[in-house]
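> Sharing a structure, written as structure tokens. Questions coming.
FYI, it's all coordinate maths here, none of it is from the lab. These numbers were taken from a predicted model, which means no experiment stands behind them. Neighbour counts run over all protein chains shown; Cβ positions are idealised from the backbone, glycine included.
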Amino acid sequence: MKAFSKYWSIFQITLINSLAYPGELIGRSLMIIPFMWVFYQLWKVTFNAAGAEIISGLTLRDTLWYLMLAETIELGRPPIARTIAENVKDGSIAYILNKPYDFLWYQFSAAMGETIFRAILNALFGGLTVWFLVGAPKHIEGFLIAVPAVLGAWILHFCINAMIGLSAFAVEDVSAFTWIYQKLAFIFGGMLIPLDFYPQWLQTIAKTLPFSSAIYGPARLFVTPTLELFISVISLQIVWILVLSVILVFIYRRGLTQLTVNGG
């Protein structure tokens, strides 16, 4: 319980600190509005060109609400990889590692604290925009049902981005790895195009990867809040969280033996 209270305090402090500059927080969140407007124009043309109200089980309204939650998940997550890399570059990593807390749990607690308000505002502005463009979501209860999956998505994002950040222990500059991860998430996570619109063989591959559990799964669950899909999404998330957590701890311990501290 003492260990938990320590990281809970870190979470609370980061959460409060994220409100230190409300103008910057709101300004970043407003970016989702033009994104959703562009998506609306793009998919409106697509559905009209197809001459169908439903494509692969999704209507235009479902597609827009799906993309809103996908963007909320992506835009809400903090730049963990860049933060860890900067700590390595400026030498502050030595100060952080000497603190009486686990480095990974500290980063996780801080990341979650930084995510909450950012995600809430993105969902608020994005939701209002989509509501104005295509109307209310078909299943309002989807918000509540998707919450556990969104939390799982953030944990998956943390595991992957923390691994990228820890590669800075050996290479320092992780920008290339971050770029590759973003593009993989765009394609196999279903951030720009729902995986339902992919060819069947590509859907099968993409839906088994962690990228889909971090974006597609929660967003699809939101627009189709069924018990079967909930169990499927959460189960796959748990499997990937366990696998990636083990890999993350291994990389962290291995990385400590290769770390060269600069500056300080």
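> Show which aspartates and glutamates lie in cross-link reach of LYS44 when reach means a straight Cα distance below 14 angstrom and same-chain residues fewer than eight apart are skipped.
Of all the aspartates and glutamates, those that pass the test against LYS44 - Cα under 14 Å, at least 8 places apart if same chain - are GLU53, ASP62.
> Let me ask something additional. From the convex hull of the Cα coordinates of segment 2-256, what is the mean projected area in square nanometres?
Numbers: hull surface 57.6 nm².
That works out to 14.4 nm², a quarter of the Cα hull's surface.
> Further question: Give me the angle, in degrees from 0 to 90, between the Cα long axis of helix 175-188 and the longest principal axis of the Cα atoms of the chain, rounded to the nearest 10.
30 degrees
> While we're on this one: With springs only between Cα atoms under 10 Å, which of TYR101, TYR198, TYR21 fluctuates most in a Gaussian network model of the chain?
Answer for the Gaussian network model of the chain: TYR21.
> Given the pairs LYS138/LYS207; LYS6/LYS89; LYS99/LYS207; LYS6/LYS207; LYS6/LYS138, which span a C-alpha to C-alpha distance of over 30 angstrom in this model?
Details: LYS138/LYS207 24 Å; LYS6/LYS89 27 Å; LYS99/LYS207 39 Å; LYS6/LYS207 36 Å; LYS6/LYS138 41 Å.
From LYS138/LYS207; LYS6/LYS89; LYS99/LYS207; LYS6/LYS207; LYS6/LYS138, over 30 Å: LYS99/LYS207; LYS6/LYS207; LYS6/LYS138.
> Counting only C-alpha contacts under 8 Å and six or more residues apart, can you give the relative contact order of segment 2-256 as a whole percent?
On the way: 300 pairs, mean separation 67.8, N = 255.
For segment 2-256, the relative contact order is 27 percent.
> Starting from the Cα of GLN41, step 7 Å along the direction of its Cβ; do the same at ILE116; then give the gap between the two resulting points in nm.
Rounded to a tenth, the inter-label distance reads 3.7 nm.
> So what's the gap between the Cα centers of segment 179-251 and segment 51-109, to the nearest angstrom?
Rounded to whole Å, the Cα centres lie 14 Å apart.
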